[in-house]
Amino acid sequence: MIESNWFLLCFLLLYIGQSGFNIWLERLNLVHSHKWTQRAPAGFEEFIDESKLATTAGYERAKTNASIREDIVSEAILLAILLSGLLPLLVEFSARRGLSLVPAGLFFFFVPGLIQFLAALPFDYYNTFVIEEKFGFNKSTLKLWIIDHIKGGVVGLCLFAAIFSLLLLFIEWSPRLWWLWGFLLLSTVQLVMAVLYPVLLAPLFNKFEPLRNEELAAKIKAEMERSSIRVKKILQMNAGIRSRHTNAYFTGIGKTKQIVLFDTLLESHTDEEILAVLAHEAGHFRKKHVPKQLLLFTGFSLAALYATWVFIQWPLLFSTFGFSTATPYVGLFLAWVFWSKAGFFLQPLYMAISRRFEREADRFAAGMLGSGKPMAKALKRVAADNLSNLNPHPLYVRFHYSHPPVVERVAALEK
């Protein structure tokens, strides 16, 4: 039975406060962006006219409203799971069945995870087959959408089960130092995933093949070699089977390092613009942004795991939510909820670092190409093609934008 005390009150204030603040932030951004829908920013007129501005505003409004509805439902379901007494019943069920720590912990996480997964499906369907369809982005079929969710669910479940099982075993074997072993485990998994993702996981969802445009491939190799970047594979991906959105990226580490271009990008951009986009990605590589982000993540992981170890030794945490004993996997679940809410208010720090990296990559691209204009032109076309919000609210940017707003980036590049 839920215990009414000061900790529960503080938790509810944090939970509801963070959820309400995020929803308010979404509305604030929507209202702010719609104040600037009458005229395209200076320099964007070639790509965005009044009709495109109106379409962009409609797309932003539809996405924001759908996101708010999904957030409300998701947050309400998780809060109901926490306060309904369901979680103590799951622990009791495992105890009656005589389950050991690992299967009991997996079962405890699986049930609320499945509830939230099923609750999110209608919203994902609406976003794909209503919003994205209405604005001309969706290319997916119902069959492909279902297959993607099955594949993604199976892969995600297997990875989680393997990592979480080892973490529970660490807790059982080393109650005082499991947080350190858990940190080493997560760091190793992240490094392995960075190496294996391009060759094992990504091909499960998309088809990758050598870039068909041999002339463009030669230009890309020449540009990369000028910056002392050696990439064995330049691939194009069949992103167009799902969406008309455009993108390109570097992926992999060491021998698995490769350049990936969306086929939608190849169809809608000139060679000069594609080279500019890749020069930006090369900037991330040369400035060692990925290792820096990995270092930042590992530092955060170490601090979070140690804080979790301290947090779950607190008996009041368990009694507040109706648990008679301090079970490790229960503590991990409650700590995850708590840190996800509290950690939201640390997002501006991470986003500021990410935006700084993006500015550095933009400057590198301008230097590599001898001018910022090709990159600026590419960004304008990407913004037009993807119906990007050209005037987000500054506070929303602080919490949610890993890249500087496109108008700001273009202005800096054109200088």
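Residues of the stretch 34-60 that are over 19 Å from L379 (Cα atoms) and under 27 Å from the mean Cα position of the chain (by Cα): H34, G58. In contact with a Phe, Trp or Tyr (Cβ under 6 Å, 6 or more places away or on another chain) and of a type in the set (A, V, I, L, M, F, W, C) - does that describe any residue in the stretch 125-135? Within the stretch 125-135, one or more residues are in contact with a Phe, Trp or Tyr (Cβ under 6 Å, 6 or more places away or on another chain) and of a type in the set (A, V, I, L, M, F, W, C). For the stretch 135-153, a tally of residues being assigned to a helix (DSSP H, G or I), surrounded by 15 or more Cβ atoms within 10 Å (Cβ to Cβ) and charged (D, E, K, R) returns 1.
Among the aromatic types (F, W, Y) and exposed (fewer than 14 other Cβ atoms within 10 Å of the Cβ): does that describe W6? For W6, the condition - among the aromatic types (F, W, Y) and exposed (fewer than 14 other Cβ atoms within 10 Å of the Cβ) - is met. Residues that are among the small types (G, A, S) and in contact with a Leu (Cβ under 6 Å, 6 or more places away or on another chain) within the stretch 370-409 comprise G372, A376, listed in sequence order. The sole residue among S51, S33, S67 that is of a type in the set (S, T, Y), closer than 30 Å to R409 by Cβ and surrounded by fewer than 15 Cβ atoms within 10 Å (Cβ to Cβ) is S51.
Tell me, which residue of the stretch 391-410 that is closer than 15 Å to N29 by Cβ and over 21 Å from the mean Cα position of the chain (by Cα) is surrounded by the fewest Cβ atoms within 10 Å (Cβ to Cβ)? Looking at the filtered set, the residue picked out is N391.
When you scan the stretch 307-408 for helices (runs of 4 or more DSSP H) that lie fully inside it, which ones turn up with 1 or more residues that are in contact with a Phe, Trp or Tyr (Cβ under 7 Å, 6 or more places away or on another chain) and in contact (Cβ under 8 Å) with a residue 12 or more places away in the chain? Because the criterion is at least 1 residues that are in contact with a Phe, Trp or Tyr (Cβ under 7 Å, 6 or more places away or on another chain) and in contact (Cβ under 8 Å) with a residue 12 or more places away in the chain, the helices (runs of 4 or more DSSP H) in the stretch 307-408 that meet it are 315-320, 328-343, 347-369, 373-385.
Tell me the residue from L278, L316 that is crowded, with 19+ Cβ neighbours inside 10 Å and on the phi < 0 side of the Ramachandran plot, please.
Numbers: L316 fails: crowded, with 19+ Cβ neighbours inside 10 Å.
Result of the check over L278, L316: L278.
The single condition among (1) polar (S, T, N, Q); (2) over 30 Å from F7 (Cβ atoms); (3) modelled with pLDDT of 90 or more; (4) surrounded by fewer than 18 Cβ atoms within 10 Å (Cβ to Cβ) that T270 does not meet is (3).
The values are calculated or read from the model by the stated rules, or taken from the named source; none is laboratory data. Since the model is a prediction, treat every value here as computed from it, not as a measurement. Glycine gets a Cβ as well: all are built from the backbone with ideal geometry, and neighbour counts include every protein chain shown.
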